[in-house]
Structure formats: C-alpha cells, structure tokens
Amino acid sequence: MDIIRCASCDGYGWFDDEDGAPECDWCGGVGYVYRDANGADRRIPADDFEQVADRLEILERDRLRGLGYTGEAKRPWEQAVRKNSMRNEGQ
Ligand SMILES: [Zn+2]
C-alpha cells in the first residue's frame, strides 16, 4: 500500500480559513492517505499510525524541507504513537 500526500490539503492536514484551521476531512488531519493498487485513496485509520509513523515522518520531513520549514508541527500520528508508547510503559 502506497502512502501519498493528501490531494485535498496537500499534506497540511488542515485548511487556513477565517474560522480557524479546520481539519481536512479527506485525510482526517494526517495530511497523507493510503493509495491502493487501483489508484483509490483512503484515509489512514488511527489504528495504523504506529505502523506507518516512520513512513509518514519521512514524507513529512521531505514536505517541510520542500517548503523551507525548519519547525515541526505535531501530527495526529505522532500524538497517537506517543500515547501508545506511554501506555506501554511499565508493562
Ligand atoms: Zn487532507
């Protein structure tokens, strides 16, 4: 399964608009979506974040570098992975 930049928000995960920054409902704020062999895109479920976090991070780093960013925004997958690792501590 390929992971591609969300076509709707172009990897941002949200939209700049007058009402604030609503989450992109195509990717759920992730900025990236799965693309299957048929070329159909679908949202990456939160349950998959831990598995795909490394790939998403690489994609995100490339995207930010392309934009000339040095700062990093916390993305849904990073929050989810952190939550999981905290929950796993002490087991
Ligand atoms: Zn999106």
Next on the checklist: On a full-extension model of 0.36 nm per residue, what is the gain between LEU67 and PHE15, subtracting their alpha-carbon distance, rounded to one decimal in nm?
Outcome noted: 17.1 nm
Checklist entry - D for the chain, whole µm²/s, Stokes-Einstein with Kirkwood Rh over alpha-carbon pairs at 4 °C and 1.567 mPa s: what number? => result 93 µm²/s
Next on the checklist: Please compute the length gained on full extension between ILE58 and GLN79, using 0.36 nm multiplied by the number of residues separating them and subtracting their Cα-Cα distance.
Outcome noted: 5.9 nm
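Per 0.36 nm of contour for each residue apart, how much would the distance between GLN51 and GLU23 grow if the chain were fully extended, relative to their Cα-Cα spacing?
Details: separation 28, 0.36 × 28 = 10.08 nm, distance 2.22 nm.
Stretched out fully, the GLN51 to GLU23 stretch lengthens by 7.9 nm.
Where a number appears in this text, it was derived from the coordinates with a stated rule and is not lab data. Bear in mind the structure is a predicted one, so any value in this text is a computation, not a measurement.
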